[in-house]
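A quick write-up on the structure given underneath.
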Amino acid sequence: MHFPSKPDSGTIDACNSLSSSFPPDRILAFPLFLGVIISRDNLHEISRQHDEDSKHPTALDSARLKAYLRLIPILFVCYIIAYIDRNNVAIAKLTMEEDMPAFDAAVFGFGGGIFFLGYFLLEIPGSLIVERWSARKWICRIMVTWGIMAAMTAFVTTPLQFYLVRFFLGVAEAGFFPGVIVYLSHWFTQKDRARAISYFLIASPVAMIVGPWVSQWFIDIGRTVILNGETISYPLVLGLKGWQWIYIIWGIPAVLFGIYVLFGLTDRPSQAHWLTSQERDALESELAREKQMHLKKGHMSVLQALSSPKVLLLSAAYFGIVTANYGIELFLPSVFKEWYPELGPSKIAQLVMIPSLLVIPGQLFIGWSSDRFQERRWHSVVPVIIGAIFLVLATQTRGSLWATILCFTVAAAGMKSYMPAFWALPSLFLTASAAAGSVGMINSVGNLGGFLGPFVMGKVQQTLSSYHYGLLFLAITSTLSALLISMLPFRRAGTIDDQE
């Protein structure tokens, strides 16, 4: 990584002003992996790219730096917890079905997917609440309720109970993701937005590493396993088995961190006591200037935005990609279990961490490149096409473990790396409540694919005793999505199309 030999005065002033807002005890509270997210090189790039026309370029640079370091780490941790709580069923399933034989692939597919039916209900209202009320209060409510519902999954005993808990978990979490996307538009200008989104979004691959890594230490509680020819029995802990503890240990942090969010986030720059008055004025004026530039293109109401052809096409495109994403994520451990039966649950938990290792640099690169070239559409299309190709190739690798891992790794990177550029698309032609409503609609309609993907994977495996055709189905849906995005009439990020 390149480090500038001599930082400019804007960087020096900005970094000096950070010391008063971020004392060592606050910084140390952030996860160590933030060094990967916001490096010194990234900070130099942020402060260097100020608007030459701004009346307060140094104050604006300093405000941008502070916004990155203050807000992104909090949202990052929130998304890690959210992503683990919705997907830890993939690891728990490996031993959960041993205790409850009625929980076959079809039950898990339906239960894993019904989360998104509940999620669908409050997506658009949740986005509007963040735009018109308070992001920190809404995210606090979301995290506390979803943490409670996630922990309750540990006590289900029938498929119906499993379906109900998963459905209400989706209801509880609804509005979090689109709310964050809307919230970032309150703090980051268009030229920074894709990078800010990419920093937030890499929480999902980090979650796919952290979740299985932690879960592997609990998965064998209450089981009898054969290790190197020796039979080992692991006792129950407080009368609960390993799969139950997986749900509980990840439900508790959601509640605790939800309370922290209430005090750690700031809704708008005007309310940020950790910015100086000059920094607040500079950032707010820049955001207002950009908003006025959008409004000159014409105002679009929420209802008009929701019926916009662009919004509808983005919703359909996201639906196809999410179908593939969650079909893979919720069933990848089961694919390994079917294709390589000699692997135990803890070993599978370790292997499913590997695909996420390429997603992290992929998302960071797409976010950086999309902002650098001010281009969104093809930065969304190309990664998805690459992912679909390697997903098809993965179906031919059974029997070769490392070939399977390689194909799923590249497929996962493609299916995730597009997101920073994709979520910067709505802000090219919408503002304020219209943008908030459209982001909620795209995410809610798209996330219905989170029901379809797992449902098809489970049903196909139950019917054909194979995941082969289910994976091909996921490749087809993502390819169709890439084609839809490629046909959208967007120009470069610096020039905004007229609104329909």
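At q = 0.10 Å⁻¹, what is the log10 ratio I(q)/I(0) for segment 24-486, with the Debye formula run over Cα points and no solvent?
For the requested q values the scattering log ratios are -0.70.
Where does the charge balance sit around Ile139 when Lys and Arg score +1, Asp and Glu -1, over other residues with C-beta under 12 Å from its C-beta?
Charge balance near Ile139 sits at +1.
Using the crude model of +1 on Lys and Arg Cβ and -1 on Asp and Glu Cβ, and no other charge, please compute the dipole size for segment 316-452 relative to its Cα centre, in debye to 20.
80 debye
Among Phe120, Tyr260, Ser270, which residue has its Cα positioned farthest towards the positive end of the charge dipole of segment 24-486, with +1 placed on the Cβ of Lys and Arg, -1 on the Cβ of Asp and Glu, and the dipole taken about the Cα centre?
Ser270
Order 98-105, 244-251, 232-239 from most to least packed using the mean count of other Cβ atoms within 10 Å.
Those peptides, ordered most packed to least, come out 244-251, 98-105, 232-239.
Taking other Cβ within 10 Å of each residue's Cβ, how do Ile219, Ile405 sort, fewest first?
Least to most surrounded, the residues fall as Ile405, Ile219.
Pop the C-beta distance of Trp378 and Trp402 into the FRET formula with R0 = 35 Å and round what comes out to the nearest 0.05.
According to the calculation, E is roughly 0.65.
Sort 445-458, 388-401, 260-273 for me by packing, meaning the mean count of neighbouring Cβ atoms within 10 Å per residue, highest on top.
Peptide ranking by packing, descending: 445-458, 388-401, 260-273.
Just how large is the dipole of segment 24-486 about the Cα centre, in debye to the nearest 20, putting +1 at every Lys and Arg Cβ and -1 at every Asp and Glu Cβ?
The dipole magnitude comes to about 700 debye.
Neighbour counts of other C-beta atoms within 10 Å: give me Cys407, Cys78 arranged from fewest to most.
Result, fewest neighbours first: Cys407, Cys78.
Counting only other residues whose beta carbon sits under 15 Å from that of Gly470, what net charge do I get with K and R as +1, D and E as -1?
With Lys, Arg at +1 and Asp, Glu at -1, the net is 0.
Provide the net charge surrounding Ile197, with neighbours chosen by a C-beta distance below 13 Å and charges set as Lys +1, Arg +1, Asp -1, Glu -1.
Cβ neighbours under 13 Å give a net charge of +3.
No lab work stands behind these numbers, since they all come straight from the coordinates. For clarity, every value in this text was computed on a predicted model and none was experimentally measured. Heads up, the Cβs are rebuilt from the backbone with ideal geometry, glycines too, and the neighbour counts pull from every protein chain shown.
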